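Structure, as structure tokens:
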Amino acid sequence: MGTSDTSQPQRLYYGTRDDLKPGDRIEPGVSLAGGEHDGALWVELTPDLDGAIWSAELAPGEGPGRVYVVEPVGAMEPSPEPTGQLSPGSRWAPYRSREPLRVVAEVTEWLHYHGTRAALEPGDLIQPGHAPNFGRRDRLTTYVYLTRTLDAAIWGAELAAGDGPGRIYLVEPTGPIEDDPNLTDKKFRGNPTKSFRSRHPLRVTGQVENWQAHPPEALRAMKEGLARLERLGIEPLDD
């Protein structure tokens with residue numbers, strides 16, 4: 001079953017914990033990590049890199065999450081929209097196929113993003129030592145934060161303190177980075193948003209001009225959740 005008029009996106013991704021190499025095939029319903037068939041008739045793929053990252057981080061198994069560029073060997077079609085609620089921030093895979101996917105390459109080079117309301121230019125440095133966006137405002141941050149997913153950067157821009165418009169910048173770390181504990185095992189398994197922090201500045205290399213804001217109801221719910229944490233006295237981990 002497939003539709004011949006479904007145009008294939010330029011690049012398609014698949015997230016997993018399986019250690020694959022170019023030319024390997026990803027079969028519907030087969031977990032290469034466990035070697036068991038779960039009975040699924042389809043294998044899902046997406047042009048959304050953020051969605052593939054979430055799939056990789058939430059996949060079963062204990063290895064690191066991996067994202068591969070793949071190509072279907074047979075027909076693919078749009079996936080039906082999910083009826084249940086997705087995990088916060090996770091993405092629905094819009095395509096599926098009854099045929100295997102062929103691994104083309106692994107994604108190993110990543111863009112890094114930073115969401116803020118500050119007006120910056122390429123070459124500017126984003127430094128630690130500012131009043132935080134969350135928690136007590138009478139302290140100074142000891143880290144700067146960055147992410148590999150555009151969705152997480154959008155949240156950063158929308159939730160940042162200040163009155164200016166939200167902005168998202170492409171950045172490069174000038175020193176070591178580590179997982180952001182506020183968005184890893186403290187709340188989620190692994191690091192599904194690919195969020196990191198560093199004690200070293202971030203250098204701005206560009207700006208993302210066109211990005212889609214979250215729906216007003218989702219933003220309102222997020223702000224209410226943060227306000228609830230603040231009332232409970234729960235502070236972000238920034239030590």
Arg197 at pLDDT 90 or above and of a type outside the set (S, T, N, Q): yes
Restricting the stretch 141-173 to residues that are out of contact with any helix residue (DSSP H, G or I) (no Cβ under 9 Å at 6 or more places or on another chain) and part of a strand (DSSP E or B), the residue that is farthest from His200 (Cα to Cα): Leu170
Residue under evaluation Ala75, criteria (1) over 27 Å from Leu111 (Cα atoms); (2) of a type in the set (A, V, I, L, M); (3) at pLDDT below 85, criterion not met: (3)
Filter result (charged (D, E, K, R) and closer than 17 Å to His214 by Cα) within the stretch 152-183: Glu158, Arg167
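The values are calculated or read from the model by the stated rules, or taken from the named source; none is laboratory data. Given the structure is predicted, the values throughout are model-derived calculations rather than measurements. Reconstructed Cβ throughout: ideal geometry from the backbone, glycine too, with neighbour counts over all protein chains shown.
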